[in-house]
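Read the structure below first, then the notes.
The values are calculated or read from the model by the stated rules, or taken from the named source; none is laboratory data. Predicted model only: the values in this text are computed from it and were never measured. No Cβ is skipped: glycine too gets one built from the backbone with ideal geometry, and neighbour counts run over all protein chains shown.
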Amino acid sequence: MEWDWHYTGDIIPDLLDGLRYTIIATLLGYVIALLLGLVWALLRRTPNRLVNQTVRWITEFIRSTPLIPQLYFIYYVMPVWGVTLSSLTAGVITLGVHYSTYMAEVYRAGIADVPQGQWDAATALNLPRSRVWLDVVLPQAIRKVIPTLGNYLIAMFKDSPLLLAINVSELLFSAYQVGSQTLQFLEPITMVGVLFIVISVISSILVRRLERRYATN
């Protein structure tokens, strides 16, 4: 089996189009995960035991369930109940919700690492609870966990090929499509690997730069 450079050049546009959907799904899912993860983390700190434990079991269930069954459930089962989503929307939501449960634990660790003196000082100044969280606690907590949050972005990007299961036209899906038309899979699958490595390495470098600029020890 020999490498066909002409064929490789012909399929690059299709693969880049698939990469575009991969990046869109990853970034949108990441935004959902960041926001929802923070909500989970804050709800876990509520003194209401019913809310606390309910959130705990929900997040444990989602985190303990493989991503593929979750994708199938959102895309194929939810329409039975009248909720029909496009494949891309279903993929973005599933990625975001799935990873939000991991990010919730990251946020919880960051919040727990804020020195007790900071809480005491905010209480002594009689700051409103909203200001305590927005101006004192969360800025310190998030700075501490930037490296881990960045690593989850890379992990989500590498999990995005699973969206192939619900026919999202992401990178791997595009490679299978062009390969099935020509019965040549060496070039498209290899290029998928190369593109994933390139994007992951670039993302890792950016995360390290963010860590050096914003994270604290």
* Asked: Of all residues in segment 145-172, how many are aromatic (Phe, Trp, Tyr) and at pLDDT below 90?
  -> 0
* Asked: Which of the following residues is in a helix (DSSP H, G or I) and in contact with a Pro (Cβ under 9 Å, 6 or more places away or on another chain): Thr94, Thr22?
  -> Thr22
* Structure fact -> Residue count, segment 174-196, condition surrounded by fewer than 18 Cβ atoms within 10 Å (Cβ to Cβ) and assigned to a helix (DSSP H, G or I), comes to 11
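Yes/no per residue for (1) at pLDDT 90 or above; (2) out of contact with any Ser or Thr (no Cβ under 9 Å at 6 or more places or on another chain):
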position	(1), (2)
Asp4	no, yes
Thr26	yes, no
Ile32	yes, no
Trp40	yes, no
Arg63	yes, no
Leu71	yes, no
Val80	yes, yes
* Structure fact -> Residue count, segment 125-173, condition farther than 21 Å from Val92 by Cβ, in a helix (DSSP H, G or I) and either hydrophobic (A, V, I, L, M, F, W, C) or out of contact with any helix residue (DSSP H, G or I) (no Cβ under 6 Å at 6 or more places or on another chain) (or both), comes to 16
* To do: Return the total of residues in segment 72-125 being over 30 Å from Ser169 (Cα atoms) and within 22 Å of the chain's Cα centre (by Cα).
  => 7
* Structure fact -> Those residues of segment 79-109 which are over 23 Å from Lys158 (Cβ atoms) and either touching a residue at least 12 places away in the same chain (Cβ under 8 Å) or surrounded by 22 or more Cβ atoms within 10 Å (Cβ to Cβ) (or both) amount to Arg108
* Counted residues, segment 20-37 - those being under 19 Å from Leu162 (Cα atoms) and either without any contact (Cβ under 8 Å) to a residue 60 or more places away in the chain or surrounded by fewer than 21 Cβ atoms within 10 Å (Cβ to Cβ) (or both) -> 8
* Structure fact -> The one condition Asp10 fails out of (1) part of a helix (DSSP H, G or I); (2) at pLDDT below 95; (3) in contact with a helix residue (DSSP H, G or I) (Cβ under 7 Å, 6 or more places away or on another chain) is (3)
* Asked: Looking at (1) free of Cβ contacts under 8 Å to residues at least 40 places away in the same chain; (2) surrounded by 14 or more Cβ atoms within 10 Å (Cβ to Cβ), can you tell me which one Thr59 breaks?
  -> (1)
* **Verdict on Val207 being in contact with a helix residue (DSSP H, G or I) (Cβ under 9 Å, 6 or more places away or on another chain), within 17 Å of Arg20 (Cα to Cα) and in contact (Cβ under 8 Å) with a residue 12 or more places away in the chain** => no
* **Residue check for Thr59: part of a helix (DSSP H, G or I) and in contact with an Asp or Glu (Cβ under 6 Å, 6 or more places away or on another chain)** => no
